[in-house]
Amino acid sequence: MNIIRRRGWEIPESQITPEHLVFSRRKVLIAGASALAMAPALAPTLAQAQRVSDAANLPDPNAGLYPAKRNDKYVLDRPITDEKVNASYNNFYEFNSSKNVAEQAQKLPVRPWAVKIDGLVDKPIEIDADDLIKKMGVEERAYRHRCVEAWGMAIAWSGFPLKKLVEFANPQGSAKYVKMETFLNPKVAPGQRQSWYPWPYVEGLSMAEATNDLAFIATGAYGHPMAKQHGAPLRLAVPWKYGFKSIKSIVRFSFVEQRPKGMWEALQASEYGFWANVNPEVPHPRWSQATEEVIGTGERRPTLLYNGYGEFVADLYKGMSGERLWA
Ligand SMILES: Nc1nc2c(c(=O)[nH]1)N[C@H]1C(S)=C(S)[C@@H](COP(=O)(O)O)O[C@H]1N2
Ligand SMILES: [Mo]
């Protein structure tokens, strides 16, 4: 199992450094706000400390990165979905196939968390997620999210562009795709005991997609580290594609020459393809894509081509009309 094999990162930096954070959290709890005044840069607020302890088994050494500065390049055409609504309506099949996975997902241990970067790179890397996040830095982006089940939300992610991770990995010229994998841990994820799913969850992007500025690795949401049900500690956010492309709780990025087959594509290729770009005019066999339900408001809105992100990504698909570009 990926998260038990720890060669090369047995004592990650994140295990050594958070002592002072634990200490200041205790001070916060005992002494109240005065402790904050003593160590303002280090100490999370009481509310943050509570959320951090909810989000992870150990304190998050990067908690101070949130809330991050909003990148104003990406604007929404609708309000951000209420956090409580968003955090209690999730798809995370590793836990169960209902939308009600938040409670079960809390069992996922997210710290420490090893991330592998391998395949067509000169030097494969194994790095702890906290160290990776610190290295990459964090900004906030308000994105729409569109599930192929014909519902949508809007969410303020925090994280970093995937292209930064690609630059860090420094893939060889022969790399054509980046393949991403979710953890495999049937002990804590009961859905992974259902053997008819080809676990682990896999997704992929072309190199051009992965290095487009819109492709984002989310590490937080709503101004704090990400809740487990959203795919802590690292998940993809590619808002011009159907939601199943936005793989959660990633443990591995591999640079490959062959087009990766996503878990849903492996399960049912007639319903789920590789490109999976949002298009109101191309129905999924089970769901018309003409409109979408706005979760939390009950409103129905017309679906937008590329989910409204065409100005940033339509060029990626020029000259590809022979491909199945839509779900
Ligand atoms: N590992 C993993 N990633 C996943 C899924 C999943 O079941 N497992 N579901 C996908 C689907 S279908 C959607 S719509 C989004 C849901 O993300 P959210 O729960 O944060 O809204 O996650 C995607 N990523
Ligand atoms: Mo979805």
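The values are calculated or read from the model by the stated rules, or taken from the named source; none is laboratory data. Being a predicted model, the structure only gives us computed values, none of them experimental. Positions of Cβ are backbone-derived with ideal geometry, glycine not excepted, and every protein chain shown enters the neighbour counts.
Test of understanding: among Glu167, Glu181, Glu140, which residue is charged (D, E, K, R), surrounded by fewer than 17 Cβ atoms within 10 Å (Cβ to Cβ) and at pLDDT 95 or above? Walk me through it before giving the result.
Details: Glu181 fails: surrounded by fewer than 17 Cβ atoms within 10 Å (Cβ to Cβ); Glu140 fails: surrounded by fewer than 17 Cβ atoms within 10 Å (Cβ to Cβ).
Within the list Glu167, Glu181, Glu140, the selection yields Glu167.
Report, by residue number, each residue of segment 190-234 that is aliphatic (A, V, I, L, M), in a loop (DSSP other than H, G, I, E, B) and crowded, with 24+ Cβ neighbours inside 10 Å.
Ala215, Met226, Ala232, Leu234
With the structure loaded, tell me whether Gly152 is in the same structural domain as Tyr309 (by TED's automatic domain parsing) and away from ligand 2 (no atom under 16 Å from the Cβ) or whether it fails that test.
No, not satisfied.
Quick one: in segment 295-315, of everything that is in a loop (DSSP other than H, G, I, E, B) and polar (S, T, N, Q), which residue is surrounded by the most Cβ atoms within 10 Å (Cβ to Cβ)?
Per the criteria, the residue is Thr303.
Can you go through Lys318, Lys228, Lys248 and tell me which one is within 13 Å of ligand 2 (Cβ to nearest atom) and modelled with pLDDT of 95 or more?
Just a single option satisfies the conditions, and that option is Lys248.
Going by what's in this entry, would Pro233 be described as more than 18 Å from Ile80 (Cα to Cα) and modelled with pLDDT under 95? It would help to see each step written out before you state the result.
Numbers: more than 18 Å from Ile80 (Cα to Cα): yes; modelled with pLDDT under 95: no.
When the stated conditions are applied, Pro233 does not pass them.
Go through (1) closer than 25 Å to Val101 by Cβ; (2) in contact with a strand residue (DSSP E or B) (Cβ under 9 Å, 6 or more places away or on another chain); (3) away from ligand 1 (no atom under 15 Å from the Cβ) for Gly298 and report which single condition fails.
Of (1) closer than 25 Å to Val101 by Cβ; (2) in contact with a strand residue (DSSP E or B) (Cβ under 9 Å, 6 or more places away or on another chain); (3) away from ligand 1 (no atom under 15 Å from the Cβ), only one is false for Gly298: (2).
To keep it simple, each residue is scored yes or no on (1) closer than 14 Å to Pro233 by Cα; (2) in a helix (DSSP H, G or I); (3) in contact with an Asp or Glu (Cβ under 6 Å, 6 or more places away or on another chain).
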residue: Ser88; (1), (2), (3): no, no, no
residue: Lys99; (1), (2), (3): no, no, no
residue: Gln104; (1), (2), (3): no, yes, no
residue: Lys107; (1), (2), (3): yes, no, no
residue: Glu126; (1), (2), (3): no, no, no
residue: Leu132; (1), (2), (3): yes, yes, no
residue: Lys135; (1), (2), (3): no, yes, no
residue: Tyr143; (1), (2), (3): no, no, no
